[in-house]
Structure formats: structure tokens, C-alpha cells
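Accompanying notes for the structure given below.
Bear in mind these aren't lab numbers, they're just calculated from the coordinates by the rules spelled out. What you see is a predicted model; the values in this text were computed from it and never measured. Cβ: placed from backbone, ideal geometry, glycine included. Neighbour counts: every protein chain shown.
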């Protein structure tokens, strides 16, 4: 058991070390714009624009559920306009970034790990090196940049549609009026809520893409190795999203608490 | 998809998302672009839970927002408020900070000094204007909801204690007694109603009697009026002088009679005084007799003397009888 625990710890530390090393290399490769530049828009579309529907879908249903949950919970002396408050705070600060991040960890992380892993086992990465292309600049930087910049876009869209869905559910299912919902949404709204969610989303995008790239580049073996790399990328990304979620909460929310 | 199409699509999505997010944020923050605002500063000793962005209210209408809160000299807190264009402050304005909702949101209320609540602490804060910079409004903080709830908590505790005591006091037996009391009260009210009905009937009869009395009085008044009429006619015929003269004579007689009565009364008083003296003397004599003083007292109180006197009388009677029978035995008349 101790041996198993030690192996797990060793693998975990190895992953963190590989991701850290890859991060440093990616920052170094940022200077090689001519290598990663042509691939950036394609990755941004694939990782960001194509992910917007799934993010909006998740946030939309989450907004509906939150409105109903708030209405179910707020009984008696609690005014019903607080439904808007709960929907606004929860969607913007927590659920839109985290749920969208987890969904994109599966979609984007697995995609990147499988793609790069396949290139690794089919020696395409070696071929790039042979052709004097930096594989980090060519494969990692555009994906990490696209993930870091486009995750906030996806999460922003999820925030907006989550609020719209919560508002619609409050109107149609709960009988709240628009002024009531807006009163609740505005009651404790602060632009910090949006900034907090978007910064978290950017950090999630960076973590998901860098971990997926690291998992793909470390792929060994054949198709089985590719599958294992995709699985590792999704699991590690999901864990890292939750860790970063707690990290940002401690860094920003504890500091703002009065 | 070509690289150019990717660029266009990604750029459009990013731009649209940014615009939507910024617009939604401004909408939720109720930001107003291009609106000119007036700056008003107030100072407080404490600002409670007031935060930048909280609303400023005048007569219940939102008139602006808190723009800045900063510490000032001499223990003051300066609060800068941005008021909407065209907002006019009330006369002699003061700023009150207070909780807007039960959930921790605060607001600043600009009102006239005379309209401020008459709470001693608030009035003291508003009066503390020493060293205030020009154009700075005085401010005060109304009691926080937490303070009110703590007081209310104490009151609620007392009410709960009283309720518990009432519950203990108002047990089943008390309920039965209460029920019996209500029944008694019901019976009593029935009797009272009956009594009221009877008294009402009595009152009706009294009213009838009063009405009859009033009729009699009316008749009496009519008769009096007639008598006065006759008196008036008698006066007019000269009989009144005769009546007055007779009355004078009668009064003279009465005065003489009263004088005689007064003289008789004086004689009676003298006789009474004399009689009182006699009685006193008699009482004294009788007292002495009872005490056995004097001859009579001795005769009355000494039985042996009575018996001696009695035997003396008997002897005297025998002597007289013997004297009548034999006078020569006792009388010896000789001449020379």
C-alpha cells in the first residue's frame, strides 16, 4: 500500500514537473511567432468557438436549475427577488467557469492529448524536430494560447446565457417579474464577479491545455498509450480545475471578505 | 475551413462576447455613460457597512451613488457621493447612513435636519460640526439591524419567558375554571338583561307618573295664573289695603303674645332655678339621711332606735289609757 501510494505520488509529481517544464518551454517558444502564429486561429476556433455551444448548453440548464432551487429554498421571510441574486452570484462566480471548464477538460483535453499522443507514437513529433521545427512552438504554444484566451470567451458566453436562462425560468416557471429578478441580480452585483469568473476560466484553459499537451508528448506505445494519455489528460485537468478553483477562492475571496 | 475564415470567426466571437459581457456588466451595475453628476461630501464618525457603489436616496428616490469613502483628519470618515444631474438637496441637509435591506445592503439618505429621527445618538452626531470643512454635510449612522435585532432578541426572550409562564399558569384546571367563569358570566348577563328589562318597565311607569305629574303641575300653574289674576283684580278693587291693615294688627297681636310668652319663659326659668336648688338641697338631705347622719338618718338607718321609739309609743299609749282611766293617780290638785 505504501509502495502504491509512493508510486502515485511519484507519478503526480512527475506530471507536475513535466507540466512545469513544458510551461517554461512554451514561454520560451512564444518568441517563435512564425511557428505558432499560423496555427493559433485554427486552435482558437477548435478549442473556443466550437466549444461555445456545449458551454452555453451547460450554463443554460444550470441557470434554470438554480432558479428553481433558489425558489424552493427561499421560503417564508426570504424575499423571492433573491432568486436573481443566487443565480447571478452562482453562475458568474462558480458554476459557469467550473462546469464549463470540466466539460472542456473532457472535450479539449482529450482531443489535444489524443492528437499529440498520436503524433508522438507515429513519430510525427520526431519528424518535426528533424525538420527543425520546435514541437513546443508548433504544437503546444498555439493550443495553450488558444485555451487560455478562448476559455474566458466560452465562459463569458456561458455566464450570459446562464443568466438569461435563470431569468427566463424565473419569469415562466416561478412567476417572478423582470424587475424583481433584476433587483435581486443587481443587489449584490459587483464587476469583480465577472472578472473573478473570467480569470478563473483563463487559468482553467491554461491548465487544461498544458496538461493535455504534456500528456500527449509523454505518450508511449501505440493506440493504448494514446488512450491512456487522453484519460490522464482529462483526469488531471479535472483535478487541476478543482484545485485552481479553491486556489482562486482563497486568494481573492478571502482577501475581500470583511 | 481556411485560415482566414478561422481568423474572422474567432475574432467575431471574441469581440461579440466581450461587448455582450461589458454591456451586461454595465447594465447590472446600472452604469450611466455620459451623465454629468454633482459631487457632495459628507463626514461621519463611522460609516457602518457602507460601501462604494451603494445608492444615495432623497425622499425615497435613488439620486446617486457613493463614489468614495476615505479616512479624514480628527477621526472623521469622508464620504463622497455622486448625485444625478438636476438633483436639488433639501434645506439644511444631513446625510443618514442606514441599512437598506435585511441582507446587509446599506444606503445613504439625504434629508432635512428637521426630518432626521429624534434618536439621541443621531442628533449628537449631527450636532458635532466643529471644524467641518465648508460645503461638507453633517452625517450620522442609524442603528444597524444587528443592534436592533439584538434588542429585539432580548425582547423576544422576555416574551418567550412570559409565554412559558402563561402556559404553565393556564393549565387544564385554569381552563376549566375559565370555562365555569364564562358560564357564570353568561348567567349573570342573562339576569342582568332581565333586571334591565324590569327596570325599563319601571322606568316606563315612572315616566307615565312624571308625565301625569307634569300635567298636574301644568294644571296647578293654570290655577296659580288664575289666582294671580284674581289677586290682580282684588288689588285693583282696594281690598288689598284692608288685608294689609288686618295683617298689621295680627302682627301687633302676635308681637304682644310673644312678649308675654318671653316673660312667662323668664318666670319659668327662675322657677326652674329655684326648683333645681330645692332638689339639690333635698338631694343633700336625702344623702345625709342615707348616710345615717342626723336624727332622721339615725331613725331611718338604726333599727334599735326604731324599736325603742316603737316601744316608747306603745308605752305612751298605755300611759294615756291609764291616765284617762285613773287621772287622780297622776294629778293631785290641792289648794293651799
Inset, instruction - Within 10 Å of each Cβ in peptide A:149-160, how many partner chain Cβ atoms are there on average? Round it to a whole number, please. - result: 4
Inset, instruction - State the antiparallel share, in %, of DSSP beta bridges confined to the protein assembly as shown, rounding to the nearest 5. - result: 75
Inset, instruction - Calculate, in nm to one decimal, what residue B:128 and residue B:190 gain on full extension: separation in residues at 0.36 nm each, minus their alpha carbon distance. - result: 15.6 nm
Legend entry - Spin-label model distance (nm) - residue B:242 vs residue B:218, 7 Å beyond Cα toward Cβ: 3.8
Legend entry - Range of Cα positions in the protein assembly as shown per principal axis (Å), largest first: 228, 88, 63
Inset, instruction - Assuming R0 = 30 Å, can you tell me the calculated FRET efficiency for the pair residue B:310 and residue B:280, based on Cβ-Cβ distance, to the nearest 0.05? - result: 0.35
Legend entry - For residues of A:35-47, the mean tally of beta carbons on other chains within 10 Å: 4
Inset, instruction - Determine the percent antiparallel among the DSSP beta bridges restricted to region B:36-144, to the nearest 5. - result: 75
Legend entry - Computed helical MRE - 222 nm, the protein assembly as shown, DSSP H runs ≥ 4 contributing -39500 (n - 2.57), nearest 500: -24000 deg cm²/dmol
Inset, instruction - Would you mind estimating how fast region A:2-256 diffuses translationally, via Stokes-Einstein at 4 °C and 1.567 mPa s with the Kirkwood radius over Cα pairs, in µm²/s? - result: 67
Inset, instruction - From other protein chains only, count the Cβ atoms within 10 Å of every residue's Cβ in A:170-183, then give the mean. - result: 0
Inset, instruction - First obtain the Kirkwood hydrodynamic radius of region B:57-117 from its Cα pairs, then insert it into the Stokes-Einstein equation at 20 °C and 1.002 mPa s, and state the resulting D in µm² per second as a whole number. - result: 169
Inset, instruction - Note the direction-averaged projected area, equal to a quarter of the hull surface, for the Cα convex hull of region A:138-244, in nm². - result: 8.9
Inset, instruction - Pull out the extension gain between residue B:321 and residue B:159, defined as 0.36 nm times the separation in residues minus the alpha carbon to alpha carbon distance; nm, one decimal. - result: 46.1 nm
Legend entry - Cα convex hull of region A:56-110 - mean projected area over all directions, nm²: 3.7
Inset, instruction - Any chance you could list P(r) for chain B, counting all Cα-Cα pairs in 10 angstrom bins from zero, rounded to whole %? - result: 4, 9, 8, 6, 6, 7, 7, 7, 8, 8, 8, 6, 4, 3, 3, 3, 2, 1, 0, 0, 0, 0, 0
Legend entry - P(r) of region B:36-144 over all Cα-Cα pairs, binned every 5 Å from zero, in whole percent: 2, 13, 26, 27, 21, 9, 2, 0
Legend entry - When the convex hull of its Cα atoms is projected in every direction, mean area for region B:107-233 (nm²): 24.4
Legend entry - Inter-label distance, nm, simple model (7 Å from Cα along the C-beta direction), residue B:301/residue B:207: 8.2
Legend entry - Rh by Kirkwood over Cα pairs, then Stokes-Einstein D for region A:91-147 at 0.692 mPa s and 37 °C, µm²/s: 255
Inset, instruction - Between residue A:186 and residue A:68, take the C-beta separation as r, use R0 = 22 Å, and let me know the FRET efficiency to the nearest 0.05. - result: 0.55
Inset, instruction - Given the peptides B:158-169, A:241-252, arrange them by the average over their residues of other C-beta atoms within 10 Å, most packed first. - result: A:241-252, B:158-169
